[in-house]
Amino acid sequence: MEPYRGFDLLALDGKLTDDERQVRDTVREFVEREAMPVILPHFREGTFPTELMGPLAGLGLFGAHIHGYGCAGLGARAYGLAMQELERGDSALRSFMSVQSSLAMTAIWLHGSEEQKQRWLPEMAAGHSLGAFALTEADHGSDPGGMETRAVAVRGGFRITGAKHWITNAAFAKVIVVWAKLGEGVRGFLVERDRPGVTVEEIKHKLSLRMSSVAGVGLDGVDVPEANLLPATKGLVSALECLNHARFGIAWGVLGAAAACLHETLDYAKRRKQFSRPIAGYQLVQAKLADMAAELSLGQLLAHHLADEKDAGRLHFSQISIAKYRNAQTALDIARACRDLLGAAGILDEFATMRHAMNLEAVNTYEGTRHMHQLILGRHLTGLSAFDG
Ligand code: TGC
Ligand code: FAD
């Protein structure tokens, strides 16, 4: 197969600064050289490639959008490009990075005290500590506001009781950002993984994101000191502000998965002969390839625009919703169409396409399903909330 060079039909590469190009190329090379050889065995086993944790930390991307505290302070486009290249390898690599950077570190950065930032961010940026972000519960996914995990004030701090579900990286985490109700309001708490009462149970037998480590987290009367409350949290909205960063990364990342599928399928279609000619020469096949390339390009345009708006400080969460659900859907559509063009070969795991398609099913669901983003947009357009009606 030809080396992967990405797709740039709209000449968007021309917008990149030298630094942005360097970030993209560095991550692309890391994925090609270090990640690709280990992805398939880990995917088959359903294990996260822990041997990549050190090299991933070495990329300097943990909390890369954060300024100070040992973080790189990258612009939005550079961060997006890095997410795109990671997800070209596998969505689980991007998800690992998203949770560490966009969720756990971002929660501390946005809502932590100066002392909490100094305590955790440099260590997390260096990869010496990993974090997780525990919002979802088994009975409260799309409606996290209904959460049943509770914190009550006790002498010197808080006692947290409840259970979180589907928590990425919890098994590796030194600190988990736990969202719990204190009185009627939702607050964020830093819960060290080794506190008495914290249990982590890995969720097995996933058919999607098989390389991600995802777990249920039990919180059985876990005592944390007052200093572990994230002081600037002021309700569910504080958790949602973290999701905005992660959703931005997903809007970029999924384009990498789609590009991987298109790259593999183009190569195959040029080599695969049926009725004595390469299938890439047939009009019906070219129509599909053209549609996919066009949709991918539009997704890229959207991602680049989003990065410009983010850096300008103008990004509204309804705009992030458009990009998250549309780009995730575009990537899933491309992965499914590529699988079709690969014929029977496409069901083999030596081809990356069906692995990406399976991953994208979960990416479509987490960080807000398509329905949730439609409802967010619907409310933005109409001023009427349709979440519970
Ligand atoms: P609702 O009343 O609609 O909203 C409460 C207040 O929050 C405002 N708001 C936002 N603010 C900032 N950013 C956002 N994204 C916001 N979305 C809503 C909203 O305007 C309102 O403000 P105000 O002043 O009017 O009070 O809340 P609701 O209880 O009706 O729920 C709706 C909502 C927004 C929670 C729902 O639409 C939603 O987003 N559900 C999806 C939940 C979700 O995405 N969970 C993700 C968990 S983490 C994860 O999945 C990690 S996966 C691993 C990886 O990332 O790789
Ligand atoms: P549900 O909310 O039960 O939704 C089921 C269906 O009903 C969906 O189609 C949904 O769109 C639809 N629906 C729900 N409400 C409405 C409505 N009002 N109107 C119309 N349709 C509706 N969470 C974390 O907190 N931290 C993590 O690290 C994390 N990692 C994850 C990793 C993976 C691999 C996965 C799969 C999930 C992860 N999640 C995490 C949880 C994720 O955010 C939730 O799965 C997601 O928010 C959807 O919740 P749910 O699965 O409970 O689906």
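We did not get these values from a lab; they are worked out from the coordinates using the rules stated. Since this is a predicted model, take the numbers as computed values, not measurements. When we count neighbours, we look across all protein chains shown, and the Cβ atoms used for this are built from the backbone with ideal geometry, even at glycine.
At a Förster radius of 22 Å, what calculated FRET efficiency corresponds to the Cβ-Cβ distance of Thr365 and Lys204, to the nearest 0.05? Efficiency, from the Cβ-Cβ distance: 0.75. Here the Debye sum runs over all C-alpha atoms of the chain as equal scatterers in vacuum, and log10 of I(q)/I(0) at q = 0.11 Å⁻¹ comes out as -0.76. Sorted largest first, the principal axis extents computed over the alpha-carbon atoms of the range 36-177 equal 50, 36, 25 Å. If R0 equals 22 Å, the separation of the Cβ atoms of Phe387 and His316 corresponds to a calculated FRET efficiency of about 0.75. Shown for Thr47, Thr382: other C-beta atoms within 10 Å of each C-beta, ranked fewest to most, produce the order Thr382, Thr47. Compared with the direct C-alpha span, the chain from Arg271 to Asp18 gains 87.5 nm at full extension, assuming 0.36 nm per residue. If you look at the Cα atoms of the range 237-382, you get an Rg and a Dmax of 17.1, 60 Å. Here the range 98-146 is treated as a Stokes sphere of Kirkwood radius computed over C-alpha pairs; at 20 °C and 1.002 mPa s its diffusion coefficient rounds to 183 µm²/s. Report, in listed order, any pair from Lys204/Lys273; Lys204/Lys288; Lys117/Lys206; Lys288/Lys324; Lys174/Lys204 with a Cα-Cα distance greater than 30 Å. Long pairs (Cα-Cα over 30 Å): Lys204/Lys273; Lys204/Lys288; Lys117/Lys206. Counting other Cβ atoms within 10 Å as a rough exposure proxy, the listed residues Met83, Met358 run Met358, Met83 from fewest neighbours to most.
By the count of neighbouring beta-carbon atoms within 10 Å, fewest first, Val214, Val191 end up ordered Val214, Val191.
For Gly157, the residues 5 or more places off, or on other chains, whose built amide H falls under 5 Å of its own are Glu226.
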